[in-house]
Each structure stands twice: as structure tokens, then as C-alpha cells.
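Asks: Can you read through this structure? Questions will come right after.
The values are calculated or read from the model by the stated rules, or taken from the named source; none is laboratory data. Please read all numbers here as calculations on a predicted model, not as lab measurements. Glycine gets a Cβ as well: all are built from the backbone with ideal geometry, and neighbour counts include every protein chain shown.
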Amino acid sequence: GPSIPRTLLRHFQNGALAVAISPTLLGELIDVATRPSLRRLIQLETLGQLIDNLREDARLVRPIRIPRVVDADPDDDRLFACALAAGASWILSGDAAVCAVTRYESIRIARPADFLSWLSSH
């Protein structure tokens, strides 16, 4: 079947998922996308498509307050700041420190694969 990023992208493209991102996170994604280590994991066309879609269709939020959530890596707190500012229901991340939180206020945190399993059962 299609890869997890591709499946998420398809849900986003057909309007099943609304995505919010902050300028900082988008910049980080573009930066990471150009790293050679990631090129092996995700097809560049999928990543390029995702970045284009995010630029065009994601809700761009500019968080004012950055909560302290992930002690191990304060940079990860920007994900929570973005989710709070957007009123998001979920944070999707493959980061172990972020996923260790599991829930923050009313936001659920999940790995993309687990979120897709949840989605298909609802």
C-alpha cells in the first residue's frame, strides 16, 4: 500500500484532514527536507508535494505563547504552541520525546501510523 506520508498527504489533499503549521515549523520542515539523511526515507516528490500543499492549504498560525512541555528538547515545545494556537485536536510526530507526552490539555499526540489506524477505525 501507499506509504504513511503519502496516505496522510492524500487525506489532507481531499479535505479529510485540516492541517495547521507555524512559519517556524514550516521553515524547519523545508530545512529537514533538504538533508541527505531524509532523502532515503521519503521520496522527494512526496515531500515537495507536502511542502507545496502546506504552503497553499495549511492554516498558518503564529503562536504567541510557547508552553513548556518537553523538558528534554524545548524546541519541541513549538509543536505544542502551534497546536494550541490552532485549536488542534492532534499533534502528529515521530519524535520519541514528543510522543512520550501522549496528551496535552485537549490535544492528543500520536505517531502518524497510530493516528492512521485510529482514523480508519473511526
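Asks: Criterion first (among the hydroxyl-bearing types (Ser, Thr, Tyr), surrounded by fewer than 16 Cβ atoms within 10 Å (Cβ to Cβ) and farther than 23 Å from THR7 by Cα) does SER120 satisfy it?
Replies: No.
Asks: Check whether at least one residue in the stretch 48-59 is more than 19 Å from THR24 (Cα to Cα) and touching a Phe, Trp or Tyr at 6+ places or on another chain (Cβ under 7 Å), and report yes or no.
Replies: No; the residues of the stretch 48-59 include none that is more than 19 Å from THR24 (Cα to Cα) and touching a Phe, Trp or Tyr at 6+ places or on another chain (Cβ under 7 Å).
Asks: Mind checking which pairs have a first residue in the stretch 80-100 that is under 17 Å from PHE12 (Cα atoms) and a second that is aromatic (Phe, Trp, Tyr), Cβ under 6 Å, 6 or more apart or different chains?
Replies: LEU92/PHE115
Asks: Which residue out of GLY15, GLY1, GLY48 is modelled with pLDDT of 85 or more and among the small types (Gly, Ala, Ser)?
Replies: Answer to the check: GLY15.
Asks: Mind checking which residues of the stretch 29-40 are surrounded by fewer than 10 Cβ atoms within 10 Å (Cβ to Cβ), modelled with pLDDT under 75 and of a type outside the set (D, E, K, R)?
Replies: SER37
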